[in-house]
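Chemist: Pasting a structure here, questions to come.
The values are calculated or read from the model by the stated rules, or taken from the named source; none is laboratory data. Every value quoted in this text rests on a predicted model; they were computed, and no experiment measured them. Cβ atoms come from the backbone with ideal geometry, glycine included; neighbour counts cover every protein chain shown. Please note that ligands, DNA and RNA were not included when accessible areas were found on the heavy atoms of the full protein model with its side chains. Shrake-Rupley method; radii C 1.70, N 1.55, O 1.52, S 1.80 Å.
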Amino acid sequence: MGLLQNLAAMAIRNKVVGALRDGCPEDLKPALEALLADKQAVAAIQGLVGANLKTPCGITAAAICALEMPAASKELLAATPELVDYLVRTAVGKLS
């Protein structure tokens with residue numbers, strides 16, 4: 001990936017992360033921050049969203065939970081289904 005592509009991807013990622021943080025319910029913020037600290041999990045979720053830009057209905061809780069990511073993030077998502085629902089609602093809402 002070229003420098004401009006990397007910068008564009010970083011800008012998009014920062015915008016998405018900012019939107020997630022801004023709209024996150026207080027009780028989910030610690031779990032969201034833990035998830036955002038896992039760059040592999042963020043990349044996996046970003047890939048799912050990117051693959052479904054034209055078909056947001058493909059962004060589901062089941063699809064997020066089925067992604068390849070480190071065990072700690074998978075366990076976090078399994079323990080906080082409200083966070084998964086928040087991720088889905090936010091992604092679909094931004095794309096619709």
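Chemist: Taking the Cα atoms of the chain, report the difference between the largest and smallest coordinate on each principal axis, in whole Å and largest first.
Modeler: 38, 26, 26 Å, listed from the longest principal axis down.
Chemist: In Å², what does the accessible area per residue of the chain work out to with a 1.4 Å probe?
Modeler: Roughly 62 Å² per residue, with all protein chains present.
Chemist: Please name which of L35, S96, N6 has its Cα lying farthest along the dipole of the chain towards the positive end, using unit charges on Cβ (Lys, Arg +1; Asp, Glu -1) and the Cα centre as origin.
Modeler: Of L35, S96, N6, it is N6.
Chemist: Next up: So for D38, D22, what's the accessible-area order with a 1.4 Å probe, most first?
Modeler: If we order D38, D22 from most to least accessible, we get D22, D38.
Chemist: While we're on this one: Near Y86, within a Cβ-to-Cβ distance under 11 Å, what is the net charge of the other residues, with Lys and Arg +1 and Asp and Glu -1?
Modeler: -1
Chemist: How much of the accessible area of the chain, in percent, comes from carbon and sulfur atoms when a 1.4 Å probe is used?
Modeler: 64
Chemist: Same structure again: If you look for lysine pairs in the chain that are eight or more places apart or on different chains, how many of them have Cα atoms under 22 Å apart?
Modeler: Lysine pairs satisfying the spacing and distance rule in the chain number 10.
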